[in-house]
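Here is the structure we will look at, set down as structure tokens.
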Amino acid sequence: MSSGWSANDHKGHTNPLSTGVKRSRLDSGNKVAVVLGAQWGDEGKGKVVDLLATESDIVCRCQGGNNAGHTVVVEGTEYDFHLLPSGIINTKCISLIGEYSRPAVLILFFEIEKKLKNFCLKGWEKRLVISDRAHIVFDFHQALDGMQELQRQAQEGKNIGTTKKGIGPTYCCKASRTGLRICDLLADFKEFSTKFKSLAQQYQSMYPLLKVDVEGELKKLKEYAERIRPMVRDGVYFMYDAIHGPPKKILVEGANAALLDIDFGTYPFVTSSNCTVGGVCTGLGIPPAYIGDVYGVSKAYTTRVGIGAFPTEQVNAIGELLQTRGHEVGVTTGRKRRCGWLDLVILRYAHMINGFTAIALTKLDILDVLDEIKVAIAYKLNGKRIPHFPANMEVLQKVDVEYEVFPGWKTDTSAARKWNDLPPKAQNYIRFVENHIGVPIKWVGVGKSRECMIQMF
């Protein structure tokens, strides 16, 4: 296959251990900045990535698939991406889809053909890199995802609330060592076809109602394989060169968020990947020593799509107001988001796991019309504060929330472009959040576009 690395590709790389030169792992190399969701997703990560991408050389997606939706508004044009890194908008920036990402090849080309071409983004094919180790989401993975949700609903009376994009079944294939990767697609297609047919047959034997158009899907995959080939690289060596080569600004765009992490989120109502900082290392092959700033993104309130515990949810007029003013509808699914007050318990928990160096607080302007604003500062069980975020969802469902109440500022903040433009009551709200979680707030968002991000330092 023409993708990947040959023996000649390694000749330009010097092994530090063979030179006799002792180097600290921290004294050389470009650090990687990371943008991660600090709640249940949909915090506005794409906007922060887009802002930072204007000064970045490389932007990487480290995990997830087309179950994530990132919306960016630039010069009045709204871009919504699912697989493509938000940095693709920047014509001077390389965008990488990493090892731990799950590209659905057909959907990827839909984004490329329908969106990039519609947006008239030129030269994207020279700026998009796809790791050869990335696992592929097939059409039957997505069909199976939907079937499993219906099965859960029928058997248990409830489902998980997945996006039905096939991400979970694809990770199951990876864990059971039956998954197929981009490198397999670009190698011997006859061998790939055999493995694909075996995988489809395996799932059809477990799910008799699952329909798979084997020949039709293979035909499309063969066509797209040749189109995708020039974009595929060995992701490990690509990132190694980026870190150890000439000075570069490297940015990682996380998908989903801390409370959706497969290990640390509100399990089982989570995604299938590690969307906390550890997923950056495993998703891109980056040593932890090269992780630099870790930016957490949080709304000025809280939202969640699908089912699962949500202690600060407001199933009332406040929740409806936040949903309406915030246009809280999922980019990927079109589902209305559940809305509630800002929860500092989950932000502190997300910080414990990720070690945020700064926070971006988005959508402050949505709170402009409220008479009073509440912020969750603690959970109680049986009248006593609990010092941790519960792992058990039945326990989390039972907590009582302790709030701090702030007077609303009742002023339009959408035109604010610097700190002093914000009303004092809004400033007090921001400083309280900052002090309570112990992380500086670097950006405050008051609108959709780049220009609506107030930079604090």
Task: Failed item in (1) open to solvent by less than 50 Å² (accessible area, probe 1.4 Å); (2) part of a strand (DSSP E or B), with ARG385 passing the rest - done: (1)
Task: Out of VAL232, VAL315, VAL236, VAL294, sole residue that is out of contact with any Phe, Trp or Tyr (no Cβ under 7 Å at 6 or more places or on another chain), of a type in the set (Val, Ile, Thr) and surrounded by 22 or more Cβ atoms within 10 Å (Cβ to Cβ) - done: VAL232
- [ ] Search the stretch 239-280 for residues being among the acidic types (Asp, Glu) and surrounded by fewer than 23 Cβ atoms within 10 Å (Cβ to Cβ), and hand back the single one that is farthest from SER298 (Cα to Cα).
- [x] ASP241
Task: Residue selected from the stretch 413-457 under the condition of a type in the set (S, T, N, Q) and surrounded by 16 or more Cβ atoms within 10 Å (Cβ to Cβ), by the criterion nearest to GLY355 (Cα to Cα) - done: SER449
Task: Scan of the stretch 155-176 for residues that are open to solvent by less than 60 Å² (accessible area, probe 1.4 Å) and charged (D, E, K, R), ordered by number - done: LYS165
Open item on the list: It is to be established whether one or more residues within the stretch 125-136 are surrounded by fewer than 14 Cβ atoms within 10 Å (Cβ to Cβ) and modelled with pLDDT of 80 or more.
Closed with: yes
Task: Subset tally (residues that are touching a Leu at 6+ places or on another chain (Cβ under 9 Å), small (Gly, Ala, Ser) and surrounded by fewer than 14 Cβ atoms within 10 Å (Cβ to Cβ)) for the stretch 388-412 - done: 0
Task: Odd one out for LYS374, checked against (1) closer than 26 Å to ILE262 by Cβ; (2) assigned to a strand (DSSP E or B); (3) open to solvent by 40 Å² or more (accessible area, probe 1.4 Å) - done: (1)
TODO: Could you please give the count of residues in the stretch 137-154 that are open to solvent by 50 Å² or more (accessible area, probe 1.4 Å) and under 22 Å from the mean Cα position of the chain (by Cα)?
DONE: 1
- [ ] Report, by residue number, each residue of the stretch 263-281 that is closer than 18 Å to CYS172 by Cβ and of a type outside the set (S, T, N, Q).
- [x] ASP263, GLY265, TYR267, PRO268, PHE269, VAL270, CYS275, GLY279
TODO: Would you please list the contacts, defined by Cβ atoms under 8 Å and residues six or more apart or on different chains, that run from a residue in the stretch 431-457 that is in contact (Cβ under 8 Å) with a residue 40 or more places away in the chain and under 14 Å from GLY296 (Cβ atoms) to a residue that is among the small types (Gly, Ala, Ser) and open to solvent by 10 Å² or more (accessible area, probe 1.4 Å)?
DONE: GLY445/GLY44
- [ ] Hand me the list of helices (runs of 4 or more DSSP H) wholly inside the stretch 126-203 holding 3 or more residues that are touching a residue at least 12 places away in the same chain (Cβ under 8 Å) and under 30 Å from ARG304 (Cβ atoms).
- [x] 139-156, 167-175
Open item on the list: Anything in the stretch 317-346 that is in a strand (DSSP E or B) and either among the basic types (Lys, Arg) or touching an Asp or Glu at 6+ places or on another chain (Cβ under 7 Å) (or both)? List them, or say none.
Closed with: LYS336, ARG338, CYS339, GLY340
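The values are calculated or read from the model by the stated rules, or taken from the named source; none is laboratory data. Everything numeric here is computed off the predicted structure, so don't read it as measured data. Quick reminder, even Gly has a Cβ in these numbers, built from the backbone with ideal geometry, and neighbours come from all protein chains shown. Keep in mind that these areas ignore ligands, DNA and RNA; they rest on the heavy atoms of the full protein, side chains included. Shrake-Rupley method; radii C 1.70, N 1.55, O 1.52, S 1.80 Å.
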